[in-house]
Structure formats: structure tokens, C-alpha cells
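Here is the structure we will look at.
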Amino acid sequence: MKLVSYEINGKVRTGVLSKDEKWIYPTEAAGVLNEDMVGLIRRMDADLFAALQELTLKTAAQVSETVRPESEDPDCQMTDGPVLLETAALKAPITHPEQDVICLGINYMAHAVESARYKKEAFGGERPYAVYFSKRVNEATDPCGSIPAHADLVDSLDYEAELAVIIGKDARGVSKEEARDYVFGYTVLNDVSARNVQTQHKQWYFGKSLDGFTPIGPCILTADSIPYPPVLKIKSYVNGELRQDSTTDLLIFDIDHVISELSQGMTLRAGTIIAMGTPAGVGMGFVPPKFLKAGDVVECRIESIGSIINKVAR
Ligand code: MG
């Protein structure tokens, strides 16, 4: 099942894609009123999940009947019914993460090699512990939104296609074996990075947290939709040129490891986004580097989830 956020009549709503992926059906048709995506994740239980799945099987005409407002009550928040996906104003599935996005650094071996080369460090080859950091996201960039170049601050703008895991229920003290039960679903995230800023400040946080540096989407693919752990092709393109080409089973530290390890000491709240790291092929990995410039179009694509396609603003 694919869940989306979309804007209609000036409001951001949550929806579920029809089975044929042509339509967005408002989750209100399954009885969800006034919830954003994090609210929807928090209140998800077996009954609501089943109701949403049932909704995906309906025709657009059937859904229109369900959502037709019958009440004159002005507080009755009914929607305008199904929307064609290809004409919809898709938003990032989680537009305003409640906490910083948790990120994995250097979590694909081939990316470790290219990063070390760029930083001119010796590459030891051993990675005994996962590298964690975070990324502030005041507002996630929409799946087709633009990435600000921040030309006054940034001379080496880079992209990082990543699989992002969405936590489905509060996780504390979770074992590796139980970790999969806490995965709500997956999305695509571009961990946009200002290499000069992260290098100057000896820390990734600032250089990865500039406004507009976190495109997410186009949907959340619920965890039940694919086998676990996910083995998905992950790619990125810049102006149509293939840059990153890997699969999500090449993670050094996998989803079980990360959820289990982090949850030993900190509660991962439902709705938490964990970006699992990027494979080789980012701009700094090329000799000479291929950084982004205004007007470039970056596509990050993960099999079964979809693509986010973002233009660097002038
Ligand atoms: Mg990253």
C-alpha cells in the first residue's frame, strides 16, 4: 500500500493510492479525519490498516460516494473525493518531521571509499560501529519541489539518494529480531549536502540542514508491501545521467541493527525518519567532482517506491 500527502484547496491531506496507482483516495474515506501523516501512523492499528487496504480496491466512483458530504455541519471536514495521481499536487509524505531525521553516514562500502578519497584520508576498510548524525528538516521538500542552491553559502552542492525507514510505533529496547515490527514503511530521501559547509564546520549537521535540503517521497510504501529486509534497486540521475546505481541490501549496518542499537538508549518515536545512507556515485565521488549547479535536475529513484525529481533553483 502506498500512502501520500497531497494538497487540495489549500490544505495538505493524506491519501492512499488505488491498486492501479491512478488515483489518490482521501484517507477520510476510511474514517481518518484531520490527521497528518504522522498522526495517521500513530493511530494505525489492524482495523484502520484493513480499512485503508479495502479502500485501495475500490473504484473512484465508489470512493466518491463514500466521501460525499451529507452533513450541513460546517465542521464536517469532508474532502473533494478522489484525485488523479498525475494531476495531484504531491507533498512530501511527512511535510514537517516532528524531530530531526536520523541519518547513517558511510553505510555503503563503495561510498566509504569515494568519501575517503575526496577527503584524502586513508581508508581503513573496517567499520566496526555505525556512524549516526542528524539532519534538521524545517519543512521537507516536495517530491517535485526545487532545491535551493544557497549560492551565498554553498560552492559544492551534492545529492545523496537514500532509502528512508519510517518508524511505526514507539521503539525502546528493541531486539534485532523484533526490529522489523517497528518499521511502518519506506520512502525515498535525497540527503542534499553542502560539502564545503560540512567540511568547514567539521560536522555534517549544518551542511545538511539548510532549508530545502530534504526532498522526500513520492509516497510511503508500507512495510507489508515487499519482503523484509528490502532488497531494492536504488539509483540517482543528474540531468538524466546515471550517477548512483546500487541495491539496498548492500548496507553495512542494516535496518535491524540500526533500530535495535539506537532503541537501546533512546526511544524512536512513531513517525521517526531514518535515512539509511547513500551508495557510491555522489558528486564528490567523481574526479574531478561533479557538484550540482542551478538548473540541474536530480532524480533519486528506488524500485517499488518511486522517484523524487528536484530541480536546483537558480
Ligand atoms: Mg547521507
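Values for this structure:
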{"read-out": "Mean separation of Cα contacts under 8 Å, 6 or more apart, over the residue count of segment 2-91: relative contact order %", "value": "37 percent"}
{"read-out": "Using alpha-carbon coordinates, inclination of helix 46-56 to the longest axis of the chain, degrees", "value": "80 degrees"}
{"read-out": "Table column - 3J(HN,Hα) (Hz), segment 215-221, Karplus curve with 6.51, -1.76, 1.60, x for Gly and Pro", "value": "x, 9, x, x, 8, 9, 8"}
{"read-out": "Equivalent ellipsoid dimensions for segment 224-284 as semi-axes, Å, which come from the Cα gyration tensor, largest first", "value": "26, 14, 11"}
{"read-out": "Footprinting exposure proxy for 222, 187 (fewest neighbouring C-beta atoms within 10 Å first)", "value": "222, 187"}
{"read-out": "When segment 81-181 is reduced to its Cα atoms, the Kirkwood hydrodynamic radius in Å", "value": "17.5 Å"}
{"read-out": "Whole-number D in µm² s⁻¹ for segment 147-283, Kirkwood Cα-pair radius fed into Stokes-Einstein, 20 °C, 1.002 mPa s", "value": "134 µm²/s"}
{"read-out": "Dimensionless Rg over Rh [the chain; C-alpha; Kirkwood]", "value": "0.98"}
{"read-out": "Percent antiparallel among DSSP beta bridges (both partners in the chain, rounded to 5)", "value": "90 percent"}
{"read-out": "Cβ-derived FRET efficiency at R0 45 Å, residue 109 paired with residue 48, nearest 0.05", "value": "0.65"}
{"read-out": "Pairs from 22/169; 290/311; 11/293 whose Cα-Cα separation, in the structure shown, is over 23 Å", "value": "22/169; 11/293"}
{"read-out": "Overall dimensions of segment 2-91 by Cα: Rg and Dmax, Å", "value": "12.1, 34"}
{"read-out": "On Cα atoms only, tilt of 109-118 relative to the major axis of the chain in degrees", "value": "50 degrees"}
{"read-out": "Spin-label model distance (nm) - residue 60 vs residue 98, 7 Å beyond Cα toward Cβ", "value": "3.5 nm"}
{"read-out": "Selection from 3, 31, 60 lying farthest towards where the dipole of segment 2-91 points positive, charges on Cβ", "value": "3"}
{"read-out": "Rg/Rg_globular for segment 197-257, with Rg_globular taken as 2.2 N^0.38 Å and Rg from C-alpha atoms", "value": "1.46"}
{"read-out": "Top positive-direction residue, dipole computed over the chain with Cβ charges, set 189, 262, 113", "value": "113"}
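Just so you know, all these numbers are worked out from the coordinates, no wet-lab data involved. None of the values given here were measured: they were computed from a predicted structure. Glycine also receives a Cβ, built like all others from the backbone with ideal geometry; neighbour counts cover every protein chain displayed.
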